[in-house]
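Take a look at the structure set out below.
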Amino acid sequence: MRILVTGSTGLLGKSLCPMLDSEGFQYWACNSKIFDVTNTKMVNEIMNKISLDFIIHLAGYTNIDQAEDNPELAYNVNQIGTRNIAHIAKKHNVPILYVSTDNVFDGKSDKPYKTTDATNPINVYGKSKLAGEREIIKATKKYYILRTSWLYGTGGYVDAMLTFSNFRKEISVVDDQIGCPTWADDVSKKIIEIIKENKPYGIYHVSSSGSASWSDFTKKIFELKKRNVEVTAIDKSDFPRPAMRPKYCVLDSENILPDWKSSLEQYLLSKN
Ligand SMILES: NC(=O)c1ccc[n+]([C@@H]2O[C@H](COP(=O)([O-])OP(=O)(O)OC[C@H]3O[C@@H](n4cnc5c(N)ncnc54)[C@H](OP(=O)(O)O)[C@@H]3O)[C@@H](O)[C@H]2O)c1
């Protein structure tokens, strides 16, 4: 099977590509330098020359705060870029898997979001990712939209906290924003399962089971690694940022992934 993987140099791509290797898939891994998804002409020219069986579209503009000041950039990558890739999928008559986000919801719910719940993004990033979802749905019936959340993996938040603990003994972390910390490797495994098992097309929620605030998550990292860092829980209002974040953004993934604490433990063990 020949797979196009956009966004292969990102956090999720770095987790997924080695797994595709070990599963024996042939894939073309690309980033913005060699395959800019916003460049419609280039995308079409390259795609006319290669044959494909599947597209995994991970490329995205992911800086939530900077998106507020650069909406055209965020929409260009997340909507126009996704439209370009969706049209390629349609033209080649191959399935496309697009990774989307919990930020398509407004966070005003008091229970985990189901795939059928109404979307209502409150920041530019979430709006542009939702626009990307709609482009996919408009272009083809052969789609998988995987919404996930709070991804960590090599070079991500957990690693940053461990580095931080080498230098500092106290940190203030937001406590009134609830979500699902999710190990990128768990999502990568699900992506491979979807491809291998020809799962039904549609929208999937793929995040860890359970939920946590950023301060719960951070405390658990230090506890599991026995790092002596005091975590002070603060409110979002004590740490203003350009983009609003959904307050309660837990995805109902029907427990398809392990609990966030056990995945975190596995991730930390994998780094030893
Ligand atoms: N991280 C999370 O917590 C999270 C949560 C939910 C959903 N997601 C979604 O999951 C996907 C992967 O996230 P991630 O954390 O791996 O992202 P990331 O680390 O920010 O990496 C983004 C990737 O997209 C590529 N890219 C950006 N602009 C591009 C363009 N114009 N043309 C082609 N490639 C471009 C980047 O390539 P360069 O290296 O060349 O810049 C990079 O490979 C994204 O679509 C994101 O919206 C992420």
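Hey, which of these cross-link pairs are over 25 Å Cα-Cα: Lys14/Lys41; Lys108/Lys199; Lys127/Lys271; Lys114/Lys189; Lys199/Lys261? Over 25 Å Cα-Cα: Lys14/Lys41; Lys108/Lys199; Lys127/Lys271; Lys199/Lys261.
Given Cβ point charges of +1 (Lys, Arg) and -1 (Asp, Glu) and nothing else, what value in debye, to the nearest 20, does the dipole of the chain about its Cα centre take? Write out the running numbers ahead of the final one.
Details: 35 positive and 32 negative charges, 139 e Å.
Result for the chain is approximately 660 debye, rounded to the nearest 20.
Using Cα springs under 10 Å in a Gaussian network model of the chain, which residue among Asn123, Asn39, Asn228 shows the largest mean-square fluctuation? Evaluated over the chain, the most mobile residue of the options is Asn228. The modelled label-to-label distance for the pair Gln26/Glu45, using points 7 Å beyond Cα in the direction of Cβ, is 2.4 nm. Taking 0.36 nm per residue of separation and subtracting the Cα-Cα distance, full extension of the segment from Asp110 to Asn198 would add 28.4 nm. Estimated from the Cβ-Cβ distance and a Förster radius of 25 angstrom, the FRET efficiency linking Ala160 and Ile234 is about 0.90.
Provide the net charge surrounding Arg168, with neighbours chosen by a C-beta distance below 11 Å and charges set as Lys +1, Arg +1, Asp -1, Glu -1. Intermediate values should be presented prior to the final figure.
Numbers: positive: Lys169, Arg227; negative: Glu170, Glu230.
Here the count lands on 0.
Defining a contact as two alpha carbons under 8 Å apart and six or more residues distant in sequence, what relative contact order in percent does segment 10-99 show? Relative contact order here is 34 percent. Ordering Leu130, Gly107, Tyr144 by Cα displacement along the dipole of segment 103-146 toward the positive end leaves Tyr144 in first place; charges were set at the Cβ atoms of Lys, Arg (+1) and Asp, Glu (-1). About the centre of its Cα atoms, segment 182-260 shows a dipole size close to 240 debye [charges on the beta carbon of Lys, Arg (+1) and Asp, Glu (-1) only; nearest 20 debye]. The residues packed around Val37, meaning those with a beta-carbon under 13 Å from its beta-carbon, carry a net charge of +1 if Lys and Arg are +1 and Asp and Glu are -1. Taking amide H atoms as placed 1.01 Å from N in the peptide plane, the amide H of Ile178 lies under 5 Å from those of Tyr248, Cys249, each 5 or more residues away in sequence or on another chain.
No lab work stands behind these numbers, since they all come straight from the coordinates. Since we're looking at a predicted model, the values are computed, not measured. Using ideal geometry, Cβ is built from the backbone for each residue, glycine included, and neighbour counts are taken over all protein chains shown.
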